[in-house]
Amino acid sequence: MRVYIETYGCARNRADAEIMEALLVNAGFKLSNLDSADYVIINTCAVKDPTETHMHRRIKELLDDGKKVIVAGCLPHISLEKIDNRVSAIIGVKSINRIVDAIRLAEKGIKLVDVEQKSLDKLELPRILKSRVAITIPISEGCLNACTYCATRFARGVLKSYSPEKIVKWVKEALAKGYREIQLSSEDTGCYGFDIRTNLAKLLDEITSIEGEFRVRVGMANPNHVIKFLDELIDAYKDEKIYKFLHLPVQSGDNDILRRMARTYTVEDFEEIVGAFRKEFPELNLNTDIIVGFPGEDEEAFQRTVELIKRVRPDKINVSRFSLRPKTLAARMPNQIHGRIAKQRSRILHRLRLSISYEINQKYIGREVLVLTHGHGEKGGIEGRTMNYKDIILPEDAPIGEFLKVKVTKATATYLMGEILGS
Ligand code: SF4
């Protein structure tokens, strides 16, 4: 029987899809393209309302085309009741190990629906890994926050950290297979280990003590946890194996809005963390996230966000408009902001962030940098990453999966370009 997995959303969803593919292949199923598939597994994302709408439309489209559809991912945990009744099975993010059951039962006319919140050790499950240079290793599932706008936590649940031993074992196996970049991912790497009496800094120390020429990318970490072990984390980051990259979502420049979001840190906390990292790593590549149009965000509050961005000058900002998510506190808050205003604000921030990124990237022109090449770029050339995780495009003949000395020749707001000096 032939199956096709269509995946949406974050690194964890992509890692979940690699696990489902491996379980299916080990059970004798064939991975195929969409047209020849007997079953289509749509591995959904529902982080925002427009994304959820797209998922429902895509499910209907596949069913109308006569496909047998299995719904996986976060949507079943967020809007189960809205999923088209014609689907053959529904499994949640903690039930991906039942994908084979789901198809076998569907073949008998039984519709499996399993969205239970349960513990599933995904590091014990096989995976069919896509890239051959960088590997995503989930270090935990879920988080310790209760952000009022977030529905993802209904899917990913409360923090469950994987043991450092298991993670180190995965890293060593990946390096033995030739991987050169380890991407540590979770809903919030900042609270990694808080449930097993350790933390991210200790985990990084264990990983960087492994022999070999490789780099580690640390996934998104929330300020309210990072501030608890800031010095320890900065110490761990000093190892050259750690990309000098920090993804620290601030979400708003207004403390009252942060309180309404239940983010449990202040703008001052955010700036303290950024200041401490930049003092040690002047070349830090800072990424952050901003939500505009959160209920109660008046013009003054928005201006505080603009001022924060002008003060901190992040290398990259993921700007998103507030999106009503089912069953969240923010969905029931008064003073909802009109979509037109939210759109205006996201445009203002997007322009600001591009001008800042452009100015920052100009200073790299003419400099020599070390680059790890990943693979063919979408727009041609060979895509790579500098040691502070800046995106850089090299000539087509650059070897893939290598550390190369490069001279930066051009810079845009979103990527650099360079010529190879040597390996
Ligand atoms: S940290 Fe907040 S936004 Fe992120 S998954 Fe947890 S509750 Fe959602």
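Restricting to the stretch 89-112, and then to whatever is under 29 Å from the mean Cα position of the chain (by Cα) and under 18 Å from residue 67 (Cα atoms), can you tell me which residue is surrounded by the fewest Cβ atoms within 10 Å (Cβ to Cβ)?
100
Residue under question is residue 352, and the condition is that it be hydrophobic (A, V, I, L, M, F, W, C), within 30 Å of residue 307 (Cβ to Cβ) and either open to solvent by less than 30 Å² (accessible area, probe 1.4 Å) or assigned to a helix (DSSP H, G or I) (or both); does it hold? Considered against the rule, which asks whether it is hydrophobic (A, V, I, L, M, F, W, C), within 30 Å of residue 307 (Cβ to Cβ) and either open to solvent by less than 30 Å² (accessible area, probe 1.4 Å) or assigned to a helix (DSSP H, G or I) (or both), residue 352 comes out as yes. Residues in the stretch 364-390 that are free of Cβ contacts under 8 Å to residues at least 24 places away in the same chain and among the basic types (Lys, Arg): 379 only.
Among the residues making up the stretch 128-160, a single one is near the ligand (Cβ under 9 Å from one of its atoms), free of Cβ contacts under 8 Å to residues at least 60 places away in the same chain and open to solvent by 50 Å² or more (accessible area, probe 1.4 Å): 153. If you check residue 345 against the conditions, is it crowded, with 18+ Cβ neighbours inside 10 Å and either assigned to a helix (DSSP H, G or I) or not assigned by TED's automatic domain parsing to the domain that holds residue 82 (or both)? Answer is yes for this residue. The residue list 409, 373, 386, 414 contains one member that is farther than 24 Å from residue 356 by Cβ, out of contact with any His (no Cβ under 9 Å at 6 or more places or on another chain) and of a type in the set (Ser, Thr, Tyr), which is 373.
Results for (1) more than 19 Å from residue 187 (Cα to Cα); (2) outside any loop (DSSP other than H, G, I, E, B), shown as yes or no for each residue.
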{"position": "246", "(1), (2)": "no, yes"}
{"position": "259", "(1), (2)": "yes, yes"}
{"position": "262", "(1), (2)": "no, no"}
{"position": "271", "(1), (2)": "yes, yes"}
{"position": "283", "(1), (2)": "yes, no"}
{"position": "309", "(1), (2)": "yes, yes"}
{"position": "314", "(1), (2)": "yes, no"}
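Evaluate the stretch 285-298: report whether one residue or more is more than 27 Å from residue 48 (Cα to Cα) and either modelled with pLDDT under 95 or not in a helix (DSSP H, G or I) (or both). Scanning the stretch 285-298, I find no residue that is more than 27 Å from residue 48 (Cα to Cα) and either modelled with pLDDT under 95 or not in a helix (DSSP H, G or I) (or both), so the answer is no. Filtering the stretch 215-272 to residues that are open to solvent by 40 Å² or more (accessible area, probe 1.4 Å) and within 13 Å of the ligand (Cβ to nearest atom) leaves 220, 264.
The values are calculated or read from the model by the stated rules, or taken from the named source; none is laboratory data. Fair warning: this is a prediction, and the values are worked out from it, not measured in the lab. A quick note on method: Cβ atoms are made from the backbone with ideal geometry, for glycine too, and the neighbour counts reach across all protein chains shown. We work out accessible area using only protein heavy atoms, side chains counted, and drop any ligands, DNA or RNA first. Shrake-Rupley method; radii C 1.70, N 1.55, O 1.52, S 1.80 Å.
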